[in-house]
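Reading through the structure tokens given below for one structure.
The values are calculated or read from the model by the stated rules, or taken from the named source; none is laboratory data. The structure displayed is predicted, hence computed values, not measured ones. Cβ coordinates were reconstructed from backbone atoms using ideal geometry, including for glycine residues, and neighbour counts include every protein chain displayed. Only protein heavy atoms, including side chains, enter the accessible area calculation; ligands, DNA and RNA are left aside. Shrake-Rupley method; radii C 1.70, N 1.55, O 1.52, S 1.80 Å.
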Amino acid sequence: MGERLDLKELRLKLDDIDNEILDLLESRVAICREIGNYKRENGIAVLDTGREEEKIKALEEIAGFESKIYVRELFQTIMDIAKEHQNKPAFGVLGRTLAHTYSPEIHSIFDTSYSYSVIEREPEELETLFKSGVFKGFNVTIPYKKNAFQMCDEVDEASKESGSVNTVVFEDGKVKGWNTDYFGFIYMLHRKGISVSGRKVLVLGTGGAASAVFYALKTLGASTIYACDLDTEINYSNVYERAGDAQVIVNCTPVGMYPKVDNSLLDLTKFEALESCADVVYNPSRTKFLLEAESLGKKTCGGLAMLVAQAYKSSRIFAGDLAEAALLGDPDKEIPEQAEKKIENVITILENRMRNITIIGMPGSGKSLLAKYVAT
């Protein structure tokens, strides 16, 4: 029995070390991606065999006696992984502040043929970025979707109609743009069985995301579309009088987004015909706006599904699979089953991670033990 306990303890120690190795490998590969981007930006060749050999020899000299004989094989493998990662086509998500983004993880699940970075830039840096040649393309988020539209040479129909681009590819000396938010919004409604056909829809916000939503609502057959913002004809001081008959409300503003999760724009009880509410905010997955709608018995859908669906279409564009990308977003066609499975898989992964579990019970009832099992 004693030997088994000792073996178990040793294996637990090994598990801890393996977890540390995984964390370090994740950090190392991420840094290698950044190095690859830096080299592209500055015209430096990715491959440097001389430095590799120097590094391996230095590591062999300081390695412990048990690991020394494995150092060359191990680090040669690690360096080969780094070179492969650095050489992948570089894409990313462009915005001003992106601490909350899930896009890199989402794209890594959808397609491993390219690398994906967070690209934070100030408005005055956009022109330089578009001309830098570092990235083969990127997704565009708040507040640059309309800027991206202006910088494109060619755009798809959704971009033309919305005046907003959220997916950019540099190809054949041209800047090509798509609006995949259009498909993402349609998918978000579709998966929750929310129909806007023949309905009066109130849209909160007039930014880049709202532009795609307006276009989607038109193609889906909404009978009336009200636009509400701070400076529009319908605003938050007269919205109940001017759009009180809305049957569907869509929030396209950042209100309710983490960390200001307690903010909300409307009193939903004042909309007597209200049937459904949609929110493009994805963090938290259920905003105060949606929770209030649920408490009133209304159908709801959150922005996480829109985020993942638009990312899937973007991933097909980045990977060069324009034929599949073209199938996504046509309201007259069924979403391909394989695409839907992949999208739903990623939604489930992120939803599970974003949920909180509260365990309540008397002292000694087993809360700590249960929490340990849930965590693992």
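So, taking all protein chains as they sit and a 1.4 Å probe, how much accessible area belongs to PHE170, in Å² rounded to tens?
50
If the convex hull of the alpha-carbon atoms of the stretch 112-194 is projected onto planes in all directions, what is the mean projected area in square nanometres?
Numbers: hull surface 26.7 nm².
With every direction weighted equally, the projected area is 6.7 nm².
Among bridges DSSP assigns within the stretch 115-190, what percent are antiparallel (round to 5)?
On the way: 8 of 10 bridges.
Counting DSSP beta bridges with both partners in the stretch 115-190, the antiparallel share is about 80 percent.
Using only the Cα atoms of the stretch 71-220, what semi-axes does the equivalent ellipsoid have when each is the square root of 5 times a gyration tensor eigenvalue? Give whole Å, largest first.
Working: eigenvalues 219, 73, 35 Å².
Three semi-axes, in Å: 33, 19, 13.
For the stretch 194-329, which whole percent of the accessible surface, found with a 1.4 angstrom probe, sits on carbon and sulfur atoms? Kindly include the intermediate steps, with their values, before the conclusion.
On the way: 2710 of 5470 Å².
Carbon and sulfur together cover 49 percent of it.
Tell me, what HN-Hα J-couplings in whole Hz come from the Karplus equation 6.51 cos²θ - 1.76 cosθ + 1.60 at θ = phi - 60° for each residue of the stretch 333-349, using x for Gly and Pro?
3J(HN,Hα) across the stretch 333-349, in whole Hz: 10, 5, 5, x, 4, 5, 5, 5, 4, 5, 5, 5, 4, 5, 4, 4, 4.
Do you know the relative contact order of the stretch 147-292, to the nearest whole percent, from alpha carbon pairs under 8 angstrom that are 6+ apart? Numbers along the way, then the final one.
Values: 266 pairs, mean separation 27.0, N = 146.
19 percent.
Could you give the accessible area per residue of the stretch 78-128, probe 1.4 Å, as a whole number in Å²?
Working: 2360 Å² over 51 residues.
It amounts to 46 Å² per residue over the stretch 78-128.
May I ask you to give the solvent-accessible area per residue for the stretch 232-278, in square angstrom, as obtained with a 1.4 angstrom probe?
Working: 2360 Å² over 47 residues.
With the other protein chains kept in place, the stretch 232-278 gives 50 Å² per residue.
Express the carbon and sulfur contribution to the solvent-accessible surface of the stretch 76-159 as a percent, rounded to the nearest whole number, probe 1.4 angstrom.
Working: 1920 of 3950 Å².
Answer for the stretch 76-159 is 49 percent, counting heavy atoms of protein chains only.
Using DSSP to call loops (not H, G, I, E or B), can you name the chymotrypsin sites (Phe, Trp or Tyr not before Pro) in the stretch 36-106 whose Cβ has at most 12 other Cβ atoms within 10 angstrom?
Details: sites: TYR38, PHE65, TYR70, PHE75, PHE91, TYR102; in loops: PHE65, TYR102.
Those satisfying the criteria are PHE65.
For the chain, calculate the relative contact order in percent as a whole number, restricting contacts to Cα pairs under 8 Å that are 6 or more residues apart.
Numbers: 562 pairs, mean separation 43.4, N = 376.
In percent, rounded to a whole number, it is 12.
With both bridge residues required to lie in the chain, what share of the DSSP beta bridges run antiparallel, to the nearest 5%?
On the way: 8 of 35 bridges.
Looking only at bridges with both residues in the chain, the antiparallel portion is about 25 percent.
Apply the Kirkwood formula to the stretch 298-360: the hydrodynamic radius equals the inverse of the mean of 1/r over all pairs of different alpha-carbon atoms; give it in Å with one decimal.
Values: mean 1/r = 0.0751 Å⁻¹.
Evaluated over the stretch 298-360, this radius sits at 13.3 Å.
Accessible area, 1.4 Å probe, largest first: how do LYS260, LYS176, LYS57 sort?
Values: LYS260 140, LYS176 35, LYS57 105 Å².
Ranking LYS260, LYS176, LYS57 by accessible area, largest first, yields LYS260, LYS57, LYS176.
With a cut-off of 8 Å between alpha carbons and a minimum separation of six or more residues, what is the relative contact order of the stretch 22-173 in percent?
After rounding, I find 22 percent.
Considering amide H positions built from the backbone, and no H for Pro or chain starts, which residues 5 or more places from VAL281, or on another chain, come under 5 Å of its amide H?
Residues meeting the criterion, in which the H sits 1.01 Å from N, are GLY303.
Using Cα-only point scatterers and the Debye equation, what is log10 of I(q)/I(0) for the chain at each q in 0.07, 0.09, 0.11, 0.12 Å⁻¹, rounded to two decimals?
Normalising to I(0) and taking log10 leaves -0.41, -0.64, -0.88, -0.99.
Could I have the simple spin-label model distance between ARG353 and HIS100, label points 7 Å from Cα toward Cβ, reported in nm to one decimal?
1.6
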